[in-house]
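Presented below is the structure to which this report refers.
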Amino acid sequence: MLIVANWKAYVEDLARAKQLLATARRLARNSEHEIVLAPPAPFLGALARPSSASQEKQTSDVAFSAQDISQTTGGAATGEVTAQVFAAAGATYAIVGHSERRAAGDTDEMIAEKLSHALAHGLTPILCIGERERDDDGRYLGFLREEMTRALEGFEPKERAKVIIAYEPLWAIGRSAADAISPDDLVEMALYIRKILAELLPGKTASRTKVLYGGSVEPADVRNLAVQTGVDGFLIGHESADPKAFADIIKLLS
Ligand code: PGA
């Protein structure tokens with residue numbers, strides 16, 4: 001599976017970041033899962049670029065992702081960290097459209113632009129989608145379809161096929177296992193997302209797109225969310241910033 005550790009702003013200490021990296025490397029070497037770390041930007045630079053050739057091999061056990069990338073491509077834009085800078089610093093993935101960035105002002109147009117910058121610089125985008133709340137009439141399904149379509153419609157099918165989808169319902173983010181989606185609902189949502197992908201992608205390409213789930217993935221629920229639900233991995237927030245919980249999650253998936 002593909003496991004993306006979104007450290008958000010939980011990790012503010014370099015020693016802790018290094019400890020988490022060491023844990024992730026050990027887990028990656030001892031499991032068949034692909035682990036991607038999304039540290040705060042300066043820590044990504046510090047962790048992903050080894051200072052000596054001997055460290056090169058160790059760092060390649062895990063991959064790195066930006067938590068967000070700039071809408072700009074350079075120039076007079078104080079404080080912005082562009083896709084090109086993330087790629088130069090060692091990132092190979094970029095989370096785009098996370099609900100916490102949308103809450104901070106990212107619009108669908110900005111998200112489409114960020115996707116294009118990520119693709120242009122060889123970063124695999126992890127596009128986050130998710131409804132704010134569920135309603136009995138299924139309006140949230142239409143909302144998801146639109147969110148996905150608006151993000152991807154401006155791209156050629158070949159580019160669309162490079163995007164990973166992370167389904168993260170807002171009502172399940174940052175809570176606990178009891179508040180995460182139920183396995184039955186996740187089965188339905190993974191199928192629904194693949195149906196939309198089949199409309200956006202040609203032929204059999206849609207079945208190759210990775211679909212992740214995120215929202216209160218913890219040791220207590222990860223197995224049930226993984227077994228036969230149709231997802232290809234997880235985007236993990238708070239529990240990825242705790243070495244023990246993160247290690248427990250990876251072990252439970254093995
Ligand atoms: P959470 O966050 O695991 O803390 O719910 C997931 C996310 O927002 O990516």
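The values are calculated or read from the model by the stated rules, or taken from the named source; none is laboratory data. These figures come from a predicted structure and were not determined experimentally. As a convention, Cβ positions derive from the backbone with ideal geometry for all residues, glycine included, and neighbour counts pool all protein chains shown. When the accessible area is computed, the model is the full protein with side chains, heavy atoms only, and any ligands, DNA or RNA have been set aside. Shrake-Rupley method; radii C 1.70, N 1.55, O 1.52, S 1.80 Å.
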Run the accessible area of the chain with a 1.4 Å probe and give the carbon-and-sulfur part as a rounded percent. 49
Check the straight Cα-Cα distances from Lys18 and name the lysines below 18 Å, setting aside those fewer than 8 residues away within the same chain. Lys8, Lys57, Lys244
Which lysines have a Cα less than 18 Å from the Cα of Lys210, not counting those fewer than 8 places away in the same chain? Lys158, Lys162, Lys195
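Helix hunt in the chain: which complete DSSP H runs extend at least 24 Å axially by C-alpha with mean Kyte-Doolittle at least 0.0? Walk me through the numbers on the way to the answer.
Working: long enough: 183-200 (26 Å, 0.48).
What comes out of the filter, once short or polar helices are dropped, is 183-200.
With every protein chain left in place, what is the accessible area per residue of the stretch 153-194 in square angstrom, probe 1.4 Å?
Per residue, the stretch 153-194 has 48 Å² of solvent-accessible surface.
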Pull out a ≥ b ≥ c, the square roots of the eigenvalues of the alpha-carbon gyration tensor of the chain, then state rounded if a/c is under 1.5, prolate if not and a/b is larger than b/c, and oblate in the remaining case. oblate
Using a 1.4 angstrom probe on the protein heavy atoms only, could you order His121, His238 from most to least accessible area? His121, His238
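For the chain, which span is the longest to avoid every loop-located (per DSSP) member of GluC sites (Glu not before Pro) having at most 14 other Cβ atoms inside 10 Å?
The longest such stretch corresponds to 154-254.
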The answer for the stretch 68-138, accessible area per residue at 1.4 Å probe in Å², is 46
Gaussian network model of the chain, Cα springs within a sub-10 Å range: biggest mean-square fluctuation belongs to which of Gln19, Gln84, Gln67? Gln19
